[in-house]
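Here the structure comes first, spelled out in C-alpha cells, and everything after it is commentary.
Only the coordinates and a few stated rules stand behind these numbers; no lab work does. Small disclaimer: the values here were computed from a predicted structure and weren't measured. Cβ coordinates were reconstructed from backbone atoms using ideal geometry, including for glycine residues, and neighbour counts include every protein chain displayed.
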Amino acid sequence: MQLAIQENIRGIEAECGGACACATCHVYIDDAYLHLLTPPAQDEEEMLEGVAAERRDGSRLACQVIVSDALDGMVVEVPDRQF
C-alpha cells in the first residue's frame with residue numbers, strides 16, 4: 001500500500017493509513033504469488049467481506065501485504081470499480 005501511495009497508483013485510497021480499517025486498498029494478487037503471502041488475518045478477512053469490487057481468491061488489502069524479494073515480479077491489479 002505504501003508503495004502504491006508513493007507511486008500515485010490510481011484506485012488505492014488507503015483512507016485509514018494502513019490500519020486495516022477501510023478496505024480502500026483492495027487489490028487482486030496474481031495467483032502465482034498467493035502462496036508466498038502470509039494468509040489474511042481475521043481483521044483483513046472481515047474487511048474483505050465489505051469491499052466495493054468483486055472479491056476474488058486473490059483479493060487482499062494492500063496494506064497487509066509485506067513486500068519482500070520473494071515477491072519480485074508479482075502482478076497486482078487494482079479493481080476497476082475503485083477508479
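Under the rule of at least 5 residues apart or a separate chain, name every residue whose amide H is placed under 5 Å from the amide H of SER59.
ILE29
Within the set of other residues whose C-beta is less than 15 Å from the C-beta of ALA53, count the net charge using Lys and Arg as +1 and Asp and Glu as -1. Mind dumping the intermediate values first?
Working: positive: ARG10, ARG55, ARG56, ARG60, ARG81; negative: GLU13, GLU49, GLU54, ASP57, GLU77, ASP80.
That sum, taken over residues with Cβ under 15 Å, equals -1.
Which value at 222 nm does the chain reach when only helices count, each DSSP H run of 4 or more adding -39,500 (n - 2.57), with the total divided by all residues and rounded to the nearest 500 deg cm²/dmol?
Working: 3 runs with 16 residues, N = 83.
-4000 deg cm²/dmol, from helical runs alone.
Principal axis lengths of region 2-82 from Cα atoms, whole Å, largest first?
Principal axes ranked by extent give 27, 27, 23 Å for the Cα atoms.
Just ASP30, ASP57, ASP69 to compare: in a GNM of the chain, with alpha carbon springs under 10 Å, which one fluctuates most?
ASP69
In the neighborhood of ASP80, defined by Cβ-to-Cβ distances under 11 Å, what is the net charge if each Lys or Arg adds +1 and each Asp or Glu adds -1?
0
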